[in-house]
Amino acid sequence: MIASLFPQSVSTFGGEIDHVFWMIFYIVGFFFIVAEALLVYFAIRYRRGAQTRAFYNRGNTRREAAWVLVPALIVLCFDLGIDSAGHRAWQLVKGTPPPSQVEVKVTAKQFNWNFTYPDAAGKLDSSNNVTLENELHVPVGKVVRLTLSSEDVIHSFWVPNLRLKQDVVPGRKIIAWFEATKPGRYEIACSELCGFGHYSMRGEVIVHTPDDYGKWRAENLDNKSASN
Amino acid sequence: MSATADVTRTILPENDSIHEIAPGKIAIWWFLASEIMVFGALMGVFVLFSFSHDFAADGAHVKWRLGAFNTLVLVTSSLTMIMALASARKHNLTQTRMFLLATVLLGFVFLGVKGFEYTTEIREGFTPATGMFWSFYFGMTGLHGLHVIGGIVVNLVLLVAALSRKPWDFLERRIEFAGLYWHFVDVVWIFLFPLLYLT
Amino acid sequence: MSHGTLESVPADNESRLYVIVWALLVVLLIVGLAIFILPIPREAAVALIFAVAAVKATLVLRNYMHLKHEHLLIYIIVAVPALFLVGFAITLIPDIVFRHGG
Amino acid sequence: MNVKSAEHDEHAAGFVRRYIFSVDHKVIAKQYMALSAVMALIGGGSSYLIRWQLAWPETSIPGWGPIGPDNYNALITLHGTVMVFFVAMPFLLGGFGNYLIPLMVGADDMAFPRLNAMSFWTLFAASAVLIASFFVPNGPAAAGWTSYVPLSDKAVYTGVTWGQNLWILAVALEFASFLMGGVNFLVTGLNLRARGLTLMRLPMLVWMEMTAAVVFLLSVGPLVAGAIMLLLDRVAGTSFFQPDRGGDPILWEHLFWFFGHPEVYVVALPGFGIILEVIPVFTRKPIFGYSMIVYSTLAAGLLSFIVWAHHMFVSGMDPRLASPFSITTIMISVPFAIIVFAMIASLWKGAINLASPMLFALGGLATFIIGGVTGIFLGSAASDIYMHGTYFVVAHFHYTLFPVLFFGGFAGMYFWFPKMFGRMMNEALGKIHFWVSFIAFNGVFIPLFLVGIGGSPRRIYELSSYEMLKPLQPFHVIATVFAIILLLGQIPFIVNFFYSMVRGPVAEKNPWHANTLEWTVSSPPKHPNFSPPPRVYRDPYEYSVPGAAHDWIAQNELDQQGAQAAGR
């Protein structure tokens, strides 16, 4: 049931993040069930009868304390396991990005996402750049490299399907990347409170098949930058 | 047997040595600890910013001679403050009053010099809005100045208490605690001075 | 009052010590200014000036604030925030000095 | 000026000195509680508006009217600020800490009674400023309780001018208030202990309140510095946080969370302390592993200072910082696991009486476990990429703070009510209050976990603006229905509270047969609390000691053999 709530994962690293999620889910699920079961069982089993007297133990000897310390040690071992799996996934997503095949500059401002494509020469800051509002067109199966910056406040670039979230900070150019695995339209949300229009700062990633992307490029980018 | 041993386990340990510290002393040191975090954070951020900002150019415009003079004033006021405590310990009322008064006056001298610095700098066109260095300069010295004003108020209250011949145990304790605070304000300046004026 | 241990220090020595500490502080102030004025390489000068400031602060803390007579608890109260601050500042270096993505 | 004359004045003085500008810790504690109750009405009321807006965004809210997106942002800012700073801290620290620390350590009052009163009145002023910020031109602060810059830094970004400045002022006054209060907690707990009450014999609540005070005092400094910088940016034209003029927005996040994370423990630990006081009394059994819990608490307090950047994994900070902070964050599960396991072990072979205080304590424990385990999803940097800033976070921190604030707080309320007001509360109403609240609370926040897993960002005024969020709307409806039930579920308590205060059966000194020192004085305690000063002979939780006549031995009880050993 929980799995069906997740938006479909359409990026190469989405699976890794989901994997970490499920790993944590089963580990903490186990501890959760054990702890709650013991809690409920003890609370019912040891309810005070007419003449019962509680068992006096202070848990101060090493033998007694082991009942708590050993489970805590097991918790620690699982923690380290989660850390190492998490580290690998994190490095993949947020570590050094792979060589990019598509470059896009993302400029966030209250309350829009602007996507700037390089001109024919591959330059991102020439006058021939084409800027689209709230629409990011990318080809499937290509590494897309985003350079995120903000004109005013902190926003957060959040595409649930891509499992990609990155705050966009004014004054900094933050690099993010993804490689989409499935064509389609996926929504972009802002996930950092950025003012009264925060809720409506919606955009879309449109993942094209290679053919479609070529067509789209020819119509929208090459034409426009030539005519400018 | 062991069961009865449990019932009768009435160990009578003497109280630990923490009881020997005066409550007020723990309190004032705790207060100073949180002050360390406030000033320390500001100074730490200033140092970190100094690597990514050019503070040297703006820093050349502060009046380091006045700052050095103010350091001397504050260090001397620390001496008079501790001498007030020493006099109070010797139950010498005249000296206690004299040293407290000297501390208050030196505090005013410090503020006067600081005020003169502020007015000159603002006349020369350096306000908190001029640039990052000046933001820090006015922010940190302003906060420090507020602490000096607070210290002067406390010392004035003590001076009045000394003039109205409050009992010695009352005076001694309070002069000691006020002194801890005053010396702390001095220590903050000892770091602020080289940070803002000399580097 | 039974609190504190300072009462054990003889009163006359006490006052003399305070004046000596003050004299040392003034000398160190002059040393600091000298380092500032003399043509010493900037990095070395900065390091020296802060070393002098640290010595001055220690003098005040130990003598005027009686830290050298205090209970261990008071030391902990001073040391812990200082340690946290150093750790905090070091952690901020990659973000604030190098400004990742800046 | 000395203590004696101050007390004399107070007896001679009338209503104002005794009940309003009182320096008696018990009166001040009740003032804190009353203030937090008023603020809880505001904070709780705001949650009603927020929840209604989320469930039925197109409709006008019954009893209020429609709210716009700027109102919505102001409401969430208000809700967070009020609940953390003006309800949780005054209730758990100001209220229970003030009432119980002196009584539990055998002192007549706090170490600095006047400072204590000043602390309360500073908080009162802070609350007044916060409420006043709602009536200034251009509206109240609307940048979230975290007040991220530059959103909160320049008026042009939110349109809020004085509202934000007053917000900063209110929070700064609140900090000043708890700095004064915290110093008092620490010194009272350390210095005014009765003879024989060693550190390792202190009731858990005193330990927890002291640790909370220490954590607060040490963590708040950088944020005070940050608040000064933010205020200067807003009013004096400086540019500490304005990137176009050399400032740094990430710096604010570091300064904020260096305080913000420890703050969670500042609130959580006193709640734990209450639960740990209630459990032994209602299991008739010592707390399992007292010293283990003390050391775990101190370890958790210490660790809380090196985990703050887990709030910032995707903030644009250097990604190399993420893994170290993941490790420390997830590591903090160990001391909390020890505390929780020790609580559960304390139930084993007990003689458990499921009276209202115990129900609330166990309810708090049961729900806190959920809060604890869901924290792992956010502590691991990788899964935080997905979960950060979603409703999962909202559900998670409500599952950590609600157990300690609500369940812990009410466990304490039902437990110490006889001591505070000299009368017993009604059991049946207490049980109704518990079960309705327990079910409704889970009914609110379990759906929100699911909304978060669905990827919904938080602080969204109208979810229908995203196609992907539309399927999640039913969860919001469920959550809102339960939220309304939760709010209505407090009526039995309010009735119980006021009815019992007047009509409840008169409470004896020690109705629960508990050991700690507050139960050795009359209910309610007189002023001064103890005469003569108590002398402590044993640990705080000596219940069901084999061979003892009763199943409890008060801390100050000196038995026959013990007296001989003492040489009396």
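The values are calculated or read from the model by the stated rules, or taken from the named source; none is laboratory data. Because the structure is predicted, anything quoted here is derived from the model rather than measured. Neighbour counts run over all protein chains shown; Cβ positions are idealised from the backbone, glycine included.
Structure values in brief
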{"read-out": "Failed item in (1) surrounded by fewer than 22 Cβ atoms within 10 Å (Cβ to Cβ); (2) over 21 Å from D:L92 (Cα atoms); (3) of a type in the set (G, A, S), with D:G422 passing the rest", "value": "(2)"}
{"read-out": "Any hit, region D:353-366, residues being in a helix (DSSP H, G or I), closer than 30 Å to C:V80 by Cα, more than 8 Å from chain A (Cβ to nearest Cβ) and not acidic (D, E)", "value": "no"}
{"read-out": "Residues (among the small types (G, A, S) and more than 8 Å from every other protein chain (Cβ to nearest Cβ)) located in region A:164-179", "value": "A:A176"}
{"read-out": "Residue match in region C:39-48 (condition: within 7 Å of another protein chain (Cβ to nearest Cβ), in a helix (DSSP H, G or I) and more than 13 Å from the chain's Cα centre (by Cα))", "value": "yes"}
{"read-out": "Any helices (runs of 4 or more DSSP H) falling wholly within region D:95-201 and containing at least 3 residues that are in contact with a helix residue (DSSP H, G or I) (Cβ under 8 Å, 6 or more places away or on another chain) and of a type in the set (A, V, I, L, M, F, W, C)", "value": "D:98-105, D:113-132, D:162-191"}
{"read-out": "Region D:525-554: number of residues that are more than 18 Å from D:L103 (Cβ to Cβ) and not β-branched (V, I, T)", "value": "9"}
{"read-out": "Close pairs from region A:193-210: first surrounded by fewer than 22 Cβ atoms within 10 Å (Cβ to Cβ), partner hydroxyl-bearing (S, T, Y) and assigned to a loop (DSSP other than H, G, I, E, B), Cβ under 7 Å, at least 6 apart", "value": "A:R202/D:Y466"}
{"read-out": "Candidate set from region B:58-92 (those that are free of Cβ contacts under 8 Å to residues at least 40 places away in the same chain and part of a helix (DSSP H, G or I)); member that is nearest to D:Q242 (Cα to Cα)", "value": "B:R65"}
{"read-out": "Residue tally, condition in contact (Cβ under 8 Å) with a residue 12 or more places away in the chain and in a loop (DSSP other than H, G, I, E, B), over region B:93-136", "value": "4"}
{"read-out": "Hits in region D:433-471 (condition: within 24 Å of D:D70 (Cβ to Cβ), at the interface with chain A (Cβ under 10 Å from one of its Cβ atoms) and not β-branched (V, I, T))", "value": "D:S456, D:P457, D:R458, D:R459, D:Y461, D:E462, D:L463, D:S464, D:S465, D:Y466, D:L469"}
{"read-out": "Test: residue in region D:56-77 that is modelled with pLDDT of 95 or more, within 19 Å of the chain's Cα centre (by Cα) and under 30 Å from D:T158 (Cα atoms)", "value": "yes"}
{"read-out": "Any chance A:D83 is buried (at least 16 other Cβ atoms within 10 Å of the Cβ), facing chain D (nearest Cβ under 9 Å) and of a type outside the set (A, V, I, L, M, F, W, C)", "value": "yes"}
{"read-out": "Evaluation of D:L255 against (1) touching a Pro at 6+ places or on another chain (Cβ under 6 Å); (2) within 13 Å of chain A (Cβ to nearest Cβ); (3) of a type outside the set (G, A, S) (one fails), failing number", "value": "(2)"}
{"read-out": "Residues satisfying the stated conditions in region D:301-331, i.e. more than 13 Å from chain C (Cβ to nearest Cβ), under 16 Å from D:P262 (Cβ atoms) and touching a residue at least 40 places away in the same chain (Cβ under 8 Å)", "value": "D:H311, D:T329"}
{"read-out": "Search result, residues across region D:346-363 that are surrounded by fewer than 23 Cβ atoms within 10 Å (Cβ to Cβ) and within 18 Å of A:F31 (Cβ to Cβ)", "value": "D:W348"}
{"read-out": "Single residue of region A:180-199 satisfying the filter (more than 18 Å from the chain's Cα centre (by Cα) and either assigned to a loop (DSSP other than H, G, I, E, B) or under 30 Å from D:Q164 (Cβ atoms) (or both)) that is farthest from the other protein chains (Cβ to nearest Cβ)", "value": "A:P183"}
{"read-out": "Test: C:A82 is small (G, A, S), modelled with pLDDT of 90 or more, within 19 Å of the chain's Cα centre (by Cα) and within 30 Å of D:L199 (Cα to Cα)", "value": "yes"}
{"read-out": "Residues of region B:17-33 satisfying the condition of being in a helix (DSSP H, G or I), facing chain C (nearest Cβ under 8 Å), under 20 Å from B:W182 (Cα atoms) and of a type in the set (G, A, S)", "value": "B:A33"}
{"read-out": "Selection from region B:48-76 of residues that are within 14 Å of chain D (Cβ to nearest Cβ) and crowded, with 19+ Cβ neighbours inside 10 Å", "value": "B:L48, B:F49, B:S50, B:F55"}
{"read-out": "Any hit, region A:156-163, residues being closer than 18 Å to D:Y466 by Cα, within 14 Å of chain D (Cβ to nearest Cβ) and of a type in the set (A, V, I, L, M)", "value": "yes"}
{"read-out": "Per-region count, region B:157-195, residues in contact with a Gly (Cβ under 7 Å, 6 or more places away or on another chain) and either of a type in the set (S, T, N, Q) or touching a residue at least 60 places away in the same chain (Cβ under 8 Å) (or both)", "value": "6"}
{"read-out": "Restricting region A:21-39 to residues that are farther than 22 Å from D:I344 by Cα and in contact (Cβ under 8 Å) with a residue 24 or more places away in the chain, the residue that is farthest from the other protein chains (Cβ to nearest Cβ)", "value": "A:M23"}
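Here is a yes/no grid of residues against (1) in the same structural domain as A:G15 (by TED's automatic domain parsing); (2) surrounded by 13 or more Cβ atoms within 10 Å (Cβ to Cβ):
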{"position": "A:C77", "(1), (2)": "yes, no"}
{"position": "A:W90", "(1), (2)": "yes, yes"}
{"position": "A:K109", "(1), (2)": "no, yes"}
{"position": "A:T116", "(1), (2)": "no, yes"}
{"position": "A:T131", "(1), (2)": "no, no"}
